[in-house]
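The values are calculated or read from the model by the stated rules, or taken from the named source; none is laboratory data. What you see is a predicted model; the values in this text were computed from it and never measured. All Cβ positions, glycine included, derive from the backbone under ideal geometry; neighbour counts span all protein chains shown. Protein only, heavy atoms only, side chains kept; ligands, DNA and RNA dropped before computing areas. Shrake-Rupley method; radii C 1.70, N 1.55, O 1.52, S 1.80 Å.
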Amino acid sequence: MRVARVIPCLDVDAGRVVKGVNFVDIRDAGDPVELAARYDSQGADELVFLDITASSDHRDTTVAMARAVADEVFIPFTIGGGIRTLDDGRRLLRAGADKVSVNTAAVRRPELVREISREFGSQCCVVAVDARSSPEAPSGYEVFTHGGRTRTGIDCLEWVTSAERLGAGEILLTSMDRDGTKEGFELNLTSMVSEAVGVPVIASGGVGTLDHLVEGVTEGKADAVLAASIFHYGEHTIAEAKTRMAEAGITVRPA
Amino acid sequence: MTGRPLVAILDYGIGNLHSAQKGFEHAGADARLTADRGLIDAADGVVLPGVGAFAPCMAALGRTGLDDATCEVVASGRPFMGICVGMQVLFAGSDEAPGTPGLGVFDREVRWIPGPVKRPQMQWNVLDRRLDHPMLAGLDDPVWAYFVHSLAPETGDGADVVATCDYGGPVVAAVARDNVWAAQFHPEKSSRVGLRILANFVAAAGAAGAG
């Protein structure tokens with residue numbers, strides 16, 4: 001049985017959740033622990049925290065946050081953003097994160113993927129890939145880094161398959177063409193990557209409706225779907241998402 | 001006396017044990033991460049967690065002497081629980097590490113999950129009960145648990161298989177024999193269901209400690 005996962009993504013700056021999460025009765029909309037617990041009770045399957053902290057001085061805050069979340073919340077969570085070295089990853093995993101996701105640093109130095117997966121197992125190592133359509137890339141998609149600002153000239157398909165070889169346990173695939181548009185996942189990109197790798201793929205970027213989540217699994221063939229704003233701003237609950245997915249014939253863990 | 005059963009979580013330097021400790025605390029235990037033999041001997045229940053790969057886990061158990069400690073606890077009759085790779089090392093060996101013997105508590109092998117499925121299985125899945133066992137007491141079907149694994153123990157004659165899950169066919173999800181419980185899934189990551197499973201173990205530890 002293949003069971004699709006629904007994963008809310010929270011942006012974190014210096015240990016605080018930013019871009020507001022709009023739950024009813026929330027005491028502190030910036031508290032990662034309270035929000036994580038809320039999403040757990042709503043039926044989220046996992047959580048992703050994306051650390052957008054600009055200054056590396058605040059890395060300790062992110063480690064403390066990982067510990068605080070792990071103390072109180074008993075579903076898996078991933079932390080990504082700004083992980084440059086094995087030691088960065090080690091500190092987060094030891095603090096209680098289940099997985100770390102690497103992006104720019106892994107493109108720059110692919111060996112990082114091997115180092116993390118060797119020490120902690122490939123299940124701990126998510127490779128986040130930001131892709132944008134590009135006629136020059138053989139697969140039609142090129143890898144971008146630095147939050148989608150920097151071209152790499154690397155073909156997306158080539159990178160995900162080598163990331164898997166290096167020990168990635170999961171691919172978090174974001175379409176930079178769709179991110180923030182609410183037009184839905186880039187399904188062509190998603191299905192291409194899902195079929196090319198033997199590890200699970202999380203689709204990301206572009207979710208605006210519940211049907212987009214459905215399409216990510218049925219047409220995009222993703223193993224998990226990630227979204228931020230539709231959940232945070234109270235447009236939809238996790239339960240509504242799962243109900244819609246189940247109605248479409250997708251197996252989900254009921255909320 | 002705290003009244004909370006003492007659960008020793010074997011700390012052999014592998015991965016993230018923080019969640020396991022916190023999970024057992026939430027489940028009512030005085031849970032300690034330890035490699036100290038005195039504390040392990042004093043514990044009402046002992047837990048062997050494990051993440052990553054079979055061979056590094058076995059090597060770390062050997063380095064810390066916790067391989068022998070595990071076998072002694074198993075033989076002592078005190079409640080014992082293996083989780084994920086901490087379950088797999090209780091078996092005789094693994095496809096993942098040919099030539100590296102396991103602890104042999106269960107006399108069969110751990111195999112790659114067969115078939116055209118994604119490995120690892122990284123998802124929630126339903127536990128199909130095969131035995132009526134206290135591990136899953138108080139839980140209504142369907143029982144959903146979180147799995148992250150590419151290998152699983154052989155079924156054997158099935159006499160010790162508490163539950164399987166369906167992942168391209170039946171995959172062993174939990175086994176138990178006498179005082180030994182073992183879960184392929186992560187109860188400490190399985191939300192309310194998982195905390196109940198941990199509480200069931202804490203209750204067994206408490207009952208054994210009181211007896």
- With the full set of protein chains in place, find how many percent of the accessible area of the protein assembly as shown is carbon and sulfur; take the probe as 1.4 Å. 49 percent
- Message: Just want to confirm a number: the relative contact order over chain A, from Cα pairs under 8 angstrom separated by 6+ residues, in percent.
- Response: 19 percent
- In nm, spacing of pseudo-spin labels at residue A:146 and residue A:247 (7 Å Cα→C-beta vector): 4.4 nm
- Can you pull out the buried accessible area for chains A and B, both sides counted, probe 1.4 Å, rounded to the nearest 100 Å²? 2700 Å²
- Message: Report for the protein assembly as shown the percent antiparallel among DSSP-assigned beta bridges with both residues inside it, nearest 5.
- Response: 40 percent
- Anything in chain B that counts as a DSSP H helix reaching 24 Å or more along its axis (C-alpha) with Kyte-Doolittle mean of at least -0.5? List them, would you? B:191-210
- Note on the structure: With the 8 Å Cα cutoff and a minimum separation of six or more residues, segment B:76-157 has a relative contact order in percent of 28 percent
- Query: Can you give me the relative contact order of chain B as a percent, contacts being Cα pairs under 8 Å and 6 or more apart?
  - Reply: 22 percent
- Query: Within the set A:182/A:242; A:242/B:189; A:182/A:221; B:118/B:189; A:99/A:182; A:221/B:22, which residue pairs have Cα atoms separated by over 25 Å?
  - Reply: A:99/A:182; A:221/B:22
- Task: Could you pull out which residues in segment A:207-230 have an amide N less than 14 Å from a spot 7 Å beyond the Cα of residue A:195, following the Cα-Cβ vector?
- Result: A:218-222
- Item | Cut-off under 5 Å, modelled amide H: who pairs with residue A:170 long-range | A:127
- Message: Could you give each residue of segment B:39-50 its phi-based ³J(HN,Hα) in whole Hz, using Karplus coefficients 6.51, -1.76, 1.60 with θ = phi - 60°, and x for Gly or Pro?
- Response: 5, 4, 5, 7, 6, 6, x, 10, 10, 10, x, x
- Kirkwood Rh in Å, taken over segment A:145-255 so that all alpha-carbon pairs contribute: 14.5 Å
